[in-house]
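Reviewing the structure listed below.
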């Protein structure tokens, strides 16, 4: 059994009448990059703040690196680093000062790594924080976090202000710290980011866990997209079980197929002599849309009931 | 703007530009009024109550002309009364009311105006909300115009309430109207000053600080001018010296409501408002949203060893405020220390006055009283610094800057304690500096050092427990009632100021006076130094701080 870095079970947190987290579950294993996905306001930041002991849980079990985030906050904070989604810094300190201050208070910085990260992120550490853009403030928090040699990194939408180039640098950093044995909890609504980095994913919606597992596991729950061309006509394809969104045009067809029906479809197609076939695994995007799709559909139905094309 | 040499082609676009620069002002004004819908009415009502209590009290104390003449004869030659309250111009009920209360009301109206202007300009820029608003159809000058109109409106309301209260007490309509307009004028004038500091300073905090310093300077200039003034031949009126005329608060008093009604003084306010507002609008063109006039320079690429601890950060964040308050206190204490000589010289030249003050004791004790008066005032100022310093904790929390800090290995009590330590040590330093400055200036002016010098220092430092208690109340509020902490902290400062300045005048019962921690400070050197009240205050400070610390440890960090 692999060691657990974060174990959350039945976590509930309410702010007055608003329930932010409702019996939420999350398990992060040591050494993995765990994607934490959900739309705005789903409870991602609240979860991370509970994990940091900044918010007190109402109910439920929360274990971070074997300790209680509320009672053992200081001891745990020496072993983890946090990048907030919205980074606020002291306007009259320079970026370099803020990096050092936060790193030092966490228990020390690797100075060589700090210099290297400042270089890679193209950050000017002599500028006052008041003159930084959102992206630059985020870089300060990222550099400070990755320059600390810690076991756990809690990253709350860390790249929301970074440009694509810096995104690449960021992804490289995440791979480096996990290669050294670090664990990363990466909250995001940028699916590509989690897809590129994540080993496992937890999806949160309205404060509840709606899905959790490896990307491979989650894909089993979804459909594979197939585009096919055969020699013989594809009449009757639409009648097969487990197929969706079937579009047949003579010997060309596009459709989506459930995992259980894949074998039967394959055999059926083989009889019709396949000349070209592309199959694409479901993207996280599709997975995501399926989880939040109902809401979208409701809205669409309300807005344009006639639009069924 | 329009000059004969300009062609219509050139003036036409600038005219439309002038209009568009104010676009959106009514909407912004409504937004600002809505956001201040509780705060400003509380200010107006509270100031109205102070006026009401003052006029009721004075009407009771000085009901007859004989009583009022006796009061005027005692106050007119008193350097202390002139410096701390104001000049007297007549023996009517209204005139005495103006003498006793106008200075303090001016300071309060000034603070209200300054904070309103800065709150809706620089503070909005710092939170980023101004950017959002500025991107909409809002002219360049609209936010400042809306903020000024709001501050003007609040001062107008204070003036109107004052007029109503004075009329209700049956005071002459002319004097009442003038007094209300003069008070409004002070508010408008400081709103104009804040409009300028909001353009010049590097931050909202700095803008408030600069404008606050201007209020302090205005109060100080008129204190000097009034102290150096001469008693009129009638013996019941004072002709202030020229420094009083450099101060808007001085103008308000020199308007002589109920004692000659110099209506033309309103013209000074009009000129000052027009000048300051015009200057502020000009400055607006020369800076970017979110920054002051001075460009922000580069700084060190890495943190010094001193910064790498919660205490180091707390000092760094409080440093500017500590230095600013210290400079103001040293200046005020030094200047009043230098006037202290007048107290002696004054009594030496006039046998009659020595008799008159016989009830207060000999000349030695008069100087003692002067020191007590001055230090009580300065101690409340240090208390205001302490509250501001402690509320910085809440500011850090609300702005989200506390979050990354408390996500490091800094325990919450340690973070709170770091700021409380800086505030406590800085308060001690300020009181010590004020005492030393007062004693040194007094020594230089009179040549009297020795035990007198010690009196100054002891009179200052003895107030430390009361200052700490006030700051600790703010700390308890940050822990227990975070959303109310700013109101509680500044409310406590306001109560301490009003009770300290007006408590004796209003003849309030002792239990009301006891609410202020400063009431319990032994009046050294005119009284013996008693340790018990100081120890009780220290215990209260420790208890309140501990309550704040424990409560903060137990609650959510909230933005």
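Being touching a helix residue (DSSP H, G or I) at 6+ places or on another chain (Cβ under 6 Å) and either assigned by TED's automatic domain parsing to the domain that holds residue B:98 or touching a residue at least 12 places away in the same chain (Cβ under 8 Å) (or both) holds for only one residue in B:160, B:232, B:142, B:237, and it is B:142. Restricting attention to the range A:76-99, the residues being facing another protein chain (nearest Cβ under 7 Å), under 12 Å from residue A:148 (Cα atoms) and surrounded by 22 or more Cβ atoms within 10 Å (Cβ to Cβ) number 2.
Residue-wise test of (1) part of a helix (DSSP H, G or I); (2) within 12 Å of another protein chain (Cβ to nearest Cβ); (3) at pLDDT below 95; (4) within 30 Å of residue B:148 (Cβ to Cβ).
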position: B:286; (1), (2), (3), (4): no, no, yes, yes
position: B:289; (1), (2), (3), (4): no, no, yes, yes
position: B:296; (1), (2), (3), (4): no, yes, yes, yes
position: B:315; (1), (2), (3), (4): yes, no, no, no
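Can you tell me which of B:220, B:281, B:258 is more than 17 Å from residue B:187 (Cβ to Cβ), under 20 Å from the mean Cα position of the chain (by Cα) and away from chain A (no Cβ under 14 Å)? Being more than 17 Å from residue B:187 (Cβ to Cβ), under 20 Å from the mean Cα position of the chain (by Cα) and away from chain A (no Cβ under 14 Å) holds for just one of B:220, B:281, B:258, which is B:220.
The one condition from (1) in contact with a helix residue (DSSP H, G or I) (Cβ under 8 Å, 6 or more places away or on another chain); (2) within 12 Å of another protein chain (Cβ to nearest Cβ); (3) not in a helix (DSSP H, G or I) that residue B:320 does not meet is (3).
Entry remark, the range A:148-165: residues being crowded, with 20+ Cβ neighbours inside 10 Å, outside any loop (DSSP other than H, G, I, E, B) and over 15 Å from the mean Cα position of the chain (by Cα) number 1 in total.
Would you confirm whether or not the range B:228-237 contains a residue that is away from chain A (no Cβ under 14 Å) and over 30 Å from residue B:334 (Cα atoms)?
Within the range B:228-237 (the criterion being away from chain A (no Cβ under 14 Å) and over 30 Å from residue B:334 (Cα atoms)), the answer is yes, since at least one residue qualifies.
Test residue A:158 against the criterion of being farther than 16 Å from residue A:84 by Cβ and either in contact (Cβ under 8 Å) with a residue 12 or more places away in the chain or not assigned by TED's automatic domain parsing to the domain that holds residue A:92 (or both), and give yes or no. Considered against the rule, which asks whether it is farther than 16 Å from residue A:84 by Cβ and either in contact (Cβ under 8 Å) with a residue 12 or more places away in the chain or not assigned by TED's automatic domain parsing to the domain that holds residue A:92 (or both), residue A:158 comes out as no.
Here's the yes/no breakdown for (1) part of a helix (DSSP H, G or I); (2) touching a helix residue (DSSP H, G or I) at 6+ places or on another chain (Cβ under 7 Å); (3) away from every other protein chain (no Cβ under 14 Å):
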site	(1), (2), (3)
B:400	no, no, no
B:405	yes, yes, no
B:409	no, yes, no
B:444	yes, no, yes
B:451	yes, no, yes
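All told, residue A:132 falls short of being in the same structural domain as residue A:53 (by TED's automatic domain parsing), within 24 Å of residue A:47 (Cα to Cα) and either surrounded by 22 or more Cβ atoms within 10 Å (Cβ to Cβ) or in contact (Cβ under 8 Å) with a residue 40 or more places away in the chain (or both).
In a helix (DSSP H, G or I), within 14 Å of residue B:178 (Cβ to Cβ) and away from chain A (no Cβ under 14 Å): does that describe residue B:266? Yes; evaluated as a whole, the condition is true for this residue. Restricting to the range A:100-143, name every residue that is at the interface with another protein chain (Cβ under 8 Å from one of its Cβ atoms) and either in a helix (DSSP H, G or I) or under 23 Å from the mean Cα position of the chain (by Cα) (or both). Those that are at the interface with another protein chain (Cβ under 8 Å from one of its Cβ atoms) and either in a helix (DSSP H, G or I) or under 23 Å from the mean Cα position of the chain (by Cα) (or both): A:100, A:101, A:102, A:104, A:105, A:106, A:130, A:131, A:141.
Checked against (1) touching a helix residue (DSSP H, G or I) at 6+ places or on another chain (Cβ under 6 Å); (2) without any contact (Cβ under 8 Å) to a residue 24 or more places away in the chain; (3) within 14 Å of another protein chain (Cβ to nearest Cβ), residue B:204 passes all but condition (2).
Does residue B:271 qualify as being part of a helix (DSSP H, G or I) and closer than 30 Å to residue A:94 by Cα?
No, not satisfied.
Among the residues of the range A:225-258, just one is under 18 Å from residue A:286 (Cβ atoms), touching a strand residue (DSSP E or B) at 6+ places or on another chain (Cβ under 7 Å) and not in a strand (DSSP E or B), namely A:242.
The values are calculated or read from the model by the stated rules, or taken from the named source; none is laboratory data. Note that the structure is a prediction, hence the values are computed from the model and not measured. With ideal geometry, Cβ positions are generated from the backbone for all residues, glycine too; neighbour counts draw on all protein chains shown.
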